[in-house]
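The values are calculated or read from the model by the stated rules, or taken from the named source; none is laboratory data. What you are looking at is a predicted structure, and each value in this text was computed from that prediction instead of being measured. Positions of Cβ are generated from backbone atoms using ideal geometry, with glycine treated the same way; all protein chains shown enter the neighbour counts. Calculation scope for accessible area: heavy atoms of the full protein, side chains included, ligands and nucleic acids excluded. Shrake-Rupley method; radii C 1.70, N 1.55, O 1.52, S 1.80 Å.
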Amino acid sequence: MTIKQLRILPPFAIGRLGSAHEPMDNYSFDLDIEPDEAPLGYRPIKPQPTLIVDEKSGEIAGERTPPTLEFKRDGKIRPVAPFLEVYAVTDADALEPLTVELLQKHGLTTEDISWQITVSNRKVERRTEDKRDRVEAQTEWFSDHHSHTLKGKCRNFISRDAFIDFGRVRFIKPNHHFPEIRLRFTPAAGLIYGPDQPAVDDGDPATPEVYPIPEAQAIYNHKKSWFGLSSRDVENETVPPSLFAIEPPAPSWLYNNRAISRGYLDDACDGFVEVQLKLKSGGKLTAKARICAAPPAMAPDSLFVRTLVDDLEQVIDGPDVAADEPVEVTHARAQDILRRAYETVRFMNVAVMNGNDFKGRAALSLDSMPEEEAAGTQRAIRPVMAAGSVDTFTIMALHQQAYAALRGGAAPWFLRLLRRPDEAADYTDRGRRKMPALMCGADNNYLALTWRQIDTIRKAALAPLPAPVATQSAKGGLTPKNLSAQISYEARGNPISSRPITSVANCCPGLEVDFRAVWRRMFRGIELREYDNLVIEVDKDCDTTVHRLGDSKLKPSALKKHRLLRVVLPARDGEEKTSLMMMTPIWGPASSDPEGKVRLTTSKNPDGLAPLEWSNALARVLPHKGLRVRCDFSAEVSENQIDLQESPKNYVSFSCEVRPFFQDDTAVISNVLAEPGELTQGLCSPWQNDFRECSCYYWASARPDYVNVDLGANGLSTGDNWMQKKRSGSYVADDYADTRLMMYDDLFADWEGLLKFQIGGRDVPEPSSGEDTGKKA
């Protein structure tokens with residue numbers, strides 16, 4: 001038996017930040033709920049065997065299952081430090097763990113194994129477009145078992161010795177009881193770095209106190225552009241814009257969109273782990289995996305309605321469910337999707353998210369999708385549903401009905417309630433009430449499920465009711481070709497929060513990663529903006545990789561600042577060509593006809609169009625990897641979205657090659673699509689800003705909103721805003737100015753002490769130092 005290839009599993013691992021000395025214990029919860037259990041209850045968290053690494057030797061000294069789980073110790077959050085395991089692809093086309101014994105069979109030892117890790121933080125570079133603002137750490141190739149610190153260096157730091165601590169990595173020393181080849185990534189402490197010029201107190205008691213950057217972390221040269229950068233000077237802003245610490249310490253939209261950067265950076269990062277095996281023949285085998293450092297998952301017993309796994313499975317298996325997939329497998333997966341929708345909505349204060357005035361506060365001052373919609377379309381705010389008819393419990397009941405209908409085999413009445421991805425900008429009352437409701441997607445419009453999720457529910461709802469089956473059975477066994485199983489691989493000792501199923505997917509923009517960034521380079525030679533169809537870069541050799549069609553005089557190299565309007569796929573298997581639009585009309589209710597609709601246009605959007613999110617818009621392009629498809633771009637530089645017109649023709653066509661999504665034949669997202677640091681570059685800097693900027697309607701599992709929820713005497717829900725400093729049972733709506741809520745600088749100074757984990761929808765008690773902590777499983 002020979003070793004043909006190597007794999008690192010999981011191919012994508014999430015480390016979660018925290019400053020406690022000891023990493024988080026291993027834990028899990030059931031992804032499959034048996035019929036005799038409460039199907040919509042909170043998932044019971046279960047302690048799992050935890051690997052104990054000896055700090056001196058670097059080997060695993062043993063394994064224990066903790067009697068209780070504690071997410072904090074002495075007020076410090078325990079980091080999630082995942083293990084990555086090396087697997088061998090043998091000549092039997094099988095995957096098996098690479099162990100000391102397997103190495104010895106081939107005359108090799110652990111000294112023939114070496115590692116290199118490259119991670120980066122490009123959040124500042126994304127705004128300044130200055131490569132000297134890139135913070136990057138790369139280890140030398142190493143084979144020892146010492147802990148290696150990931151020192152992030154940057155040319156705009158005050159010296160060559162200054163660095164951001166991105167955490168550490170360690171080649172775990174195999175032993176008799178744990179002979180496998182594995183590496184551990186321990187993320188950083190969640191620190192904030194900033195300029196070497198201290199903040200100045202303006203003496204105004206009405207101005208919030210500015211968080212002072214500790215001297216050891218004041219490493220950015222204040223003479224460089226990140227410090228004092230005005231958002232109005234950023235040509236290629238992110239969406240949402242101004243996702244960074246600013247002066248004054250409040251959202252820019254409360255100050256006439258004035259956003260002046262304080263020059264803060266963080267220790268979040270993403271990049272690659274690479275392993276290398278020297279063979280007796282002198283050759284080498286290599287493998288890669290992706291890692292990222294992300295905020296803690298603050299509701300560890302809940303999942304989001306659309307996770308990174310949903311998007312990746314659509315990449316692997318396509319937007320349509322296979323015709324021969326067993327009905328019971330499809331049905332179980334559909335139940336899981338609806339269950340996750342229920343888990344998401346129970347963390348949302350629906351009365352606020354609906355666009356209601358709340359406790360004397362105008363809806364326009366509160367963050368919600370109707371407020372975002374009103375600002376973007378220059379229309380009066382309209383609640384999604386009748387203001388007096390919505391409550392969190394009411395909407396939870398609607399999800400329960402849909403779940404019961406699917407599970408019981410009733411008529412699929414709820415299918416018409418699902419929002420298609422190309423309906424994300426339908427702002428009519430009927431369009432906004434579709435599921436999932438009230439939440440924002442990657443295109444900054446209403447969230448839609450993936451095409452594959454929708455087709456799963458459709459097929460399950462229309463099929464006869466099957467016998468129960470576990471959802472995980474759909475993944476099958478771990479083989480070199482089963483990429484879905486590899487993505488969801490459970491490495492020994494890893495908490496479930498290290499897996500992509502706990503990461504939000506193509507949402508705006510995300511907390512763990514900004515998945516929008518992966519799609520920008522799907523067409524060779526062209527780079528698109530992560531959130532819309534604007535061409536922002538064209539490779540110098542684009543003339544040789546992208547070929548013109550027709551008689552257009554426009555060269556491919558001149559496509560910068562043009563827009564990709566349509567992708568036309570060639571006919572396959574006797575079918576006609578498929579035309580995929582990259583934008584969709586923005587519809588609003590017609591004032592003269594409640595059932596009608598009109599195109600919503602503004603001075604900044606005269607054609608009334610919204611871009612489609614890439615993950616769904618390009619899902620049907622991926623099978624054409626390595627082939628050329630027709631791409632229609634605007635014939636002129638286009639500051640705004642424009643309608644595609646055939647007469648007179650306002651577009652030019654080019655034949656563009658589709659890049660593979662994954663590296664070679666692995667489940668690793670290609671480094672050509674996203675280099676180190678690019679999966680997180682669209683997120684907040686520092687990342688603590690995300691918990692303020694994103695308010696209430698994004699992600700339940702990582703950033704809950706409505707907690708400690710009870711049924712009030714009036715039959716409506718009562719509870720706390722997760723960001724409230726003091727729990728009162730009376731929800732405080734977030735207008736970004738109420739000091740009863742945590743402000744930006746509160747989080748900068750003490751995010752670990754202020755943020756509370758949620759188990760069963762309630763605050764996890766935090767005993768005083770020295771007491772047993774956590775929640776019994």
Some residue of segment 324-335 being in a strand (DSSP E or B), surrounded by fewer than 24 Cβ atoms within 10 Å (Cβ to Cβ) and not hydrophobic (A, V, I, L, M, F, W, C): no
Residue list for segment 312-339, filter: under 13 Å from Thr450 (Cα atoms) and among the acidic types (Asp, Glu): Glu313, Asp317, Asp320
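Can you name every residue in segment 241-252 that is touching a residue at least 60 places away in the same chain (Cβ under 8 Å) and surrounded by fewer than 24 Cβ atoms within 10 Å (Cβ to Cβ)?
The first filter runs over segment 241-252 and keeps only residues touching a residue at least 60 places away in the same chain (Cβ under 8 Å), leaving 243-245, 249-251.
Residues satisfying the conditions are Pro249, Ala250, Pro251.
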Candidates Asp573, Asp543, Asp539, Asp593, filtered to the one that is charged (D, E, K, R), closer than 30 Å to Val513 by Cα and open to solvent by 30 Å² or more (accessible area, probe 1.4 Å): Asp539
Residue under evaluation Asn256, criteria (1) open to solvent by 30 Å² or more (accessible area, probe 1.4 Å); (2) more than 30 Å from Ile536 (Cα to Cα), criterion not met: (2)
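For the condition among the small types (Gly, Ala, Ser) and at pLDDT 95 or above, what is the one hit in Ala199, Ala206, Ala188?
Numbers: Ala199 fails: at pLDDT 95 or above; Ala206 fails: at pLDDT 95 or above.
Testing whether each residue is among the small types (Gly, Ala, Ser) and at pLDDT 95 or above leaves just Ala188.
So that you can scan it fast, the table gives a plain yes or no per residue for (1) open to solvent by 70 Å² or more (accessible area, probe 1.4 Å); (2) at pLDDT below 95; (3) among the basic types (Lys, Arg):
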| site | (1), (2), (3) |
| --- | --- |
| Ile60 | no, no, no |
| Pro66 | no, no, no |
| Lys76 | yes, no, yes |
| Pro79 | no, no, no |
| Phe83 | no, no, no |
| Thr90 | no, yes, no |
| Arg122 | no, no, yes |
| Arg132 | yes, no, yes |
| His145 | no, no, no |
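Output the residues belonging to segment 730-748 that are out of contact with any Gly (no Cβ under 7 Å at 6 or more places or on another chain) and in a loop (DSSP other than H, G, I, E, B).
In the first step, residues of segment 730-748 are kept if they are out of contact with any Gly (no Cβ under 7 Å at 6 or more places or on another chain); the result is 730, 732-748.
Hits for segment 730-748 are Ser730, Val732, Ala733, Asp734, Asp735, Tyr736, Ala737, Asp738, Thr739, Arg740, Met742, Met743.
So which of Glu613, Glu639, Glu675 is under 25 Å from the mean Cα position of the chain (by Cα), of a type in the set (Asp, Glu) and under 23 Å from Ala424 (Cα atoms)?
Numbers: Glu639 fails: under 25 Å from the mean Cα position of the chain (by Cα); Glu675 fails: under 23 Å from Ala424 (Cα atoms).
Just a single option satisfies the conditions, and that option is Glu613.
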Selection within segment 498-536 - touching a Leu at 6+ places or on another chain (Cβ under 8 Å), open to solvent by 10 Å² or more (accessible area, probe 1.4 Å) and under 28 Å from Arg628 (Cα atoms): Arg521, Leu534, Ile536
Scan of segment 145-157 for residues that are touching a Phe, Trp or Tyr at 6+ places or on another chain (Cβ under 7 Å) and touching a residue at least 60 places away in the same chain (Cβ under 8 Å), ordered by number: His145, Leu150, Gly152, Asn156, Phe157
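Taking Ile172, is it over 22 Å from Phe272 (Cβ atoms) and either of a type in the set (Ser, Thr, Tyr) or touching a residue at least 24 places away in the same chain (Cβ under 8 Å) (or both)? Reasoning before the result, please.
Working: over 22 Å from Phe272 (Cβ atoms): no; either of a type in the set (Ser, Thr, Tyr) or touching a residue at least 24 places away in the same chain (Cβ under 8 Å) (or both): yes.
Answer is no for this residue.
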Considering residues of segment 104-119 that are under 14 Å from Asn175 (Cα atoms) and either over 37 Å from the mean Cα position of the chain (by Cα) or at pLDDT below 95 (or both) only, the residue surrounded by the most Cβ atoms within 10 Å (Cβ to Cβ): Gln104
Any hit, segment 207-222, residues being within 30 Å of Ala374 (Cα to Cα), touching a Pro at 6+ places or on another chain (Cβ under 8 Å) and open to solvent by 60 Å² or more (accessible area, probe 1.4 Å): yes
Qualifying residue in segment 284-301 (condition: surrounded by fewer than 20 Cβ atoms within 10 Å (Cβ to Cβ), more than 23 Å from Gly510 (Cβ to Cβ), in contact with a strand residue (DSSP E or B) (Cβ under 9 Å, 6 or more places away or on another chain) and without any contact (Cβ under 8 Å) to a residue 12 or more places away in the chain): yes
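For residues in segment 336-371 being part of a helix (DSSP H, G or I) and acidic (Asp, Glu), which is nearest to Ala733 (Cα to Cα)? If you could, list the steps in order and put the result at the bottom.
Within segment 336-371, the first condition is being part of a helix (DSSP H, G or I), and the residues that meet it are 336-345, 350-353, 363-365, 369-371.
The next check asks that each one be acidic (Asp, Glu); those that pass are 336, 343, 371.
On the way: Asp336: 31, Glu343: 21, Glu371: 14 Å.
Taking the candidates together, the pick is Glu371.
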Residues (in contact with a strand residue (DSSP E or B) (Cβ under 8 Å, 6 or more places away or on another chain), open to solvent by less than 50 Å² (accessible area, probe 1.4 Å) and closer than 29 Å to Pro23 by Cα) located in segment 475-497: Leu483, Gln486, Ile487, Tyr489, Ala491, Gly493, Asn494, Pro495, Ile496, Ser497
Of all residues in segment 589-606 being closer than 24 Å to Gly441 by Cβ and in contact with a Lys or Arg (Cβ under 8 Å, 6 or more places away or on another chain), the one that is modelled with the highest pLDDT: Leu600
Segment 237-270 - residue that is charged (D, E, K, R) and touching an Asp or Glu at 6+ places or on another chain (Cβ under 7 Å) and, of those, modelled with the lowest pLDDT: Arg262
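Could you check segment 617-715 for strands (runs of 3 or more DSSP E) lying wholly inside it with 1 or more residues that are touching a Pro at 6+ places or on another chain (Cβ under 9 Å) and open to solvent by 30 Å² or more (accessible area, probe 1.4 Å)? Write out each step before concluding.
Details: elements: 628-634, 651-657, 706-711.
Once the strands (runs of 3 or more DSSP E) in segment 617-715 are filtered for at least 1 residues that are touching a Pro at 6+ places or on another chain (Cβ under 9 Å) and open to solvent by 30 Å² or more (accessible area, probe 1.4 Å), what remains is 628-634.
Any idea how many residues of segment 139-196 are more than 30 Å from Glu101 (Cβ to Cβ) and assigned to a loop (DSSP other than H, G, I, E, B)?
Looking only at segment 139-196, we keep the residues that are more than 30 Å from Glu101 (Cβ to Cβ), and these are 149-167, 187-196.
Add one more test, that the residue is assigned to a loop (DSSP other than H, G, I, E, B), and what stays is 154-156, 158-163, 187-191, 196.
The total comes to 15.
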Cβ-Cβ under 8 Å pairs, at least 6 apart or on other chains, segment 666-677 side within 11 Å of Arg521 (Cα to Cα) and without any contact (Cβ under 8 Å) to a residue 40 or more places away in the chain, far side in a loop (DSSP other than H, G, I, E, B) and not hydrophobic (A, V, I, L, M, F, W, C): Ser670/Arg659; Ser670/Pro660; Ser670/Gln663
